[in-house]
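The values are calculated or read from the model by the stated rules, or taken from the named source; none is laboratory data. As the structure is a prediction and not an experimental result, all values here were calculated from the model. When we count neighbours, we look across all protein chains shown, and the Cβ atoms used for this are built from the backbone with ideal geometry, even at glycine.
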Amino acid sequence: MSVSDLWWLPENPQWSDEVRALGGAAGWDRFVSLANCRMDFLRTERLDKLARKNFGEHAPTGLALPAVRLAILGSSMVSHLIPAIRVAFMRRGMWAEIYTNPFGQYLQDLMDPASALHAFKPNAILFAFDARHALGKANAGRDAAASDRAVEDAADHCAHVWNMARQDFACPIIQQTILPLFPALLGSNEHRLPGSPQAMTRRINQRIRERADEAGVDILALDTRAMEDGLGNWHDPVLWHRAKIEIAPPMAPLYGDLVARIVAAQRGRSYKCLVLDLDNTLWGGVIGDDGIEGIVLGQGSSEGEAFIAFQDYAQRLSERGIILAVCSKNDETIALTPFARHPDMVLKRSSFAAFIANWSDKATNLRAIAAEINIGLDALVFADDNPFERNLVRRELPMVAVPELPEDAAFYAKCIADGGYFESVRMTGEDFSRAGQYQANAEREFARQATADLPAYLKSLEMEMRVTPFDSVGQARITQLINKTNQFNLTTRRYAERDVEAAMADKDTVTFQIRLTDKYGDNGMIAVVIAKPSSRPGELMIDTWLMSCRVLGRQVEQATLNLLVGEASKRGYRALVGEFRPTEKNGLVRDHYAKLGFEQDGANDAGGSFWRLPVETYIPVDTHIKIGEN
């Protein structure tokens, strides 16, 4: 298996024929489908060339997200990577426009307001420094103190260009780590020679990571990839000396995918849920035929240990916040037997937010899982050993990610990890508890279905809502929700952390971060509201109102409106004004304001609408939610 040709994607034997058949009228979806097949450097070049011929230089109309305008600011040749980067974004349904500085002139570009970089106006920036440039003038004879200063100087330079970029463009920044290119001078104990280029590379990469964490800059970990994939795959010294090409062209498809998955994660486009088949996926054999004694799982066989290792990996994903679900063709009672009785099962029934085992087709069941968990189909990754089932889901549900699991279960975890489906740029405490929250939500849904009396059910939940203004403690999670929430989001405005910080500092802006607990546990932060003075005197405009779909139907909307009206009244406003800006995904809230008693008050430039609610005549809605002390 070769990471350079994206081995976790399916091979398409007809790929070349299908590409040849692409005409001028070929739709964007067709290109996305072809980008989601295994491909090498030449295939990425070919598909990119056809896409640009078909669509021109700018994004096709009708895309859900604005185009990515990525500036790659570096010190060596990167032009050979650009087609693969564009195709990697295409793979995710995103269009990318890419700028690169003239050779070696990234500082000039940053400093000159009249440069092509400033005219390009990037909304994402990648700093890609080659190893020799990053190290500067290496001196193996440096003592420890001089080496420390050199490491700090290299990190200071990175921090300096980050700050320059932030001031001018206010966009997310990615810093590429340094490839470990330098041969050892001392050997296995190279760390004892502080001025050695190899030792310096390691230390600079570590210091860059520390400074990036402090600055909110995201890392593209090329040093880690070189360790996993082999430095010889990533770097060809001959190409460096001939053309100052540091990253070998065959690795362009993987490099492009690494870049695209980070930018997608910054925009909330990572997957949220791993859906697992059972037979020959979590254990060897077929539980319905082989029985609990006959399935292969556990110590004593290499195959059984491989399935344990995959369950371990899924469990660790769950612990970091990825939701787990089961989608199996099976009798449910039989399918549950190993979870209850097999001593070597790592995963338990309680590990899953949804468990569907029946004889319906898997595309239908995946739709049911998405509905049950209340997330989009484009948040699902489906892992199944059966090629027929994988291809069925790819055909019926192209928005679901379906890794091409290898025949040997020993490589299942690596396949999903290499695919980068769950890439994330930062973690909050709530991310770690997310899977448990969805599992608790399944219990709530079970309790709801057990009673026909909805008010009695809501009362039985013993809900408590805590509402506080934005603060530094919640800032990272608030920013994350603003950039990830798509369905219950009235305007889908995206804000960076500095924008959230500005809202916190503005005394005229109303901000709510809302948490909800009940007898089943803590739902975490489930809603964010930003309201600002309207251009019309006496009116408070709701700029942002978003909420987690997992608390729909629990009167959170009404309780939030009660608090909003109360705050508006306290500040002397006569009316609240809400705005709905339609997107491909937020049709759920099209009638949100109408349901809450607002009257329509005109249209906006996005094909949506404004809504107005008088403060003085508003009668608070009785809910079954207790408002906690701030």
Tell me which residues, restricted to segment 53-71, are touching a helix residue (DSSP H, G or I) at 6+ places or on another chain (Cβ under 8 Å) and either under 17 Å from GLY256 (Cβ atoms) or modelled with pLDDT of 95 or more (or both).
VAL68, ARG69, LEU70, ALA71
Out of all the residues in segment 136-146, is one or more crowded, with 20+ Cβ neighbours inside 10 Å and either assigned by TED's automatic domain parsing to the domain that holds SER76 or closer than 18 Å to LEU258 by Cβ (or both)?
no
Of all the residues that make up segment 221-247, how many are under 22 Å from PRO83 (Cα atoms) and surrounded by 20 or more Cβ atoms within 10 Å (Cβ to Cβ)?
8
Yes/no for GLY597 being touching a strand residue (DSSP E or B) at 6+ places or on another chain (Cβ under 7 Å) and on the phi > 0 side of the Ramachandran plot:
yes
Tell me the helices (runs of 4 or more DSSP H) entirely within segment 71-152 that contain at least 2 residues that are among the aliphatic types (A, V, I, L, M) and within 23 Å of the chain's Cα centre (by Cα).
82-91
Looking at segment 209-325, what helices (runs of 4 or more DSSP H) fall wholly within it and have at least 3 residues that are within 30 Å of the chain's Cα centre (by Cα) and within 30 Å of GLU152 (Cα to Cα)?
222-229, 231-234, 252-266
So which of ILE373, ILE292, ILE308 ends up being β-branched (Val, Ile, Thr) and either surrounded by 21 or more Cβ atoms within 10 Å (Cβ to Cβ) or within 28 Å of ARG395 (Cβ to Cβ) (or both)?
ILE373
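Residue-by-condition table, conditions (1) closer than 21 Å to ASP130 by Cβ; (2) not hydrophobic (A, V, I, L, M, F, W, C):
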| site | (1), (2) |
| --- | --- |
| SER2 | no, yes |
| SER16 | no, yes |
| LEU34 | no, no |
| ARG46 | no, yes |
| LYS49 | no, yes |
| LEU70 | yes, no |
| SER75 | yes, yes |
| PRO83 | yes, yes |
If PRO469 meets every condition in (1) at pLDDT below 85; (2) touching a Ser or Thr at 6+ places or on another chain (Cβ under 6 Å) apart from one, which number is that one?
(1)
Name the pairs whose Cβ atoms lie under 7 Å apart, with the first residue in segment 1-28 and modelled with pLDDT of 85 or more, the second of a type in the set (Asp, Glu) and in a loop (DSSP other than H, G, I, E, B), and 6 or more positions between them or separate chains?
ASP5/ASP40; TRP8/GLU404; LEU9/GLU404; PRO10/GLU404
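Here is a yes/no grid of residues against (1) within 28 Å of THR468 (Cβ to Cβ); (2) loosely packed, with under 14 Cβ neighbours inside 10 Å:
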| position | (1), (2) |
| --- | --- |
| VAL589 | yes, no |
| HIS592 | yes, no |
| LYS595 | yes, yes |
| ASP601 | no, no |
| ASP605 | no, yes |
| ASP622 | yes, yes |
Looking for whichever is part of a strand (DSSP E or B), under 27 Å from GLU501 (Cβ atoms) and more than 32 Å from the chain's Cα centre (by Cα) here; the options are LEU576, LEU516, LEU546. Which one fits?
LEU576
Going residue by residue through segment 57-66, is there one that turns out to be closer than 30 Å to LEU179 by Cβ and touching a residue at least 40 places away in the same chain (Cβ under 8 Å)?
no
Could you figure out which of (1) at negative phi; (2) out of contact with any Gly (no Cβ under 8 Å at 6 or more places or on another chain) isn't true of SER147?
(2)
Determine whether ASP156 is part of a helix (DSSP H, G or I), exposed (fewer than 15 other Cβ atoms within 10 Å of the Cβ) and at pLDDT 95 or above.
yes
Could you grab me the full set of residues in segment 519-539 that are outside any loop (DSSP other than H, G, I, E, B) and under 25 Å from LYS626 (Cα atoms)?
GLY521, ASP522, ASN523, GLY524, MET525, ILE526, ALA527, VAL528, VAL529, ILE530, ALA531
Kindly establish whether GLN175 is closer than 30 Å to ASN123 by Cα, modelled with pLDDT of 95 or more and surrounded by 20 or more Cβ atoms within 10 Å (Cβ to Cβ).
yes
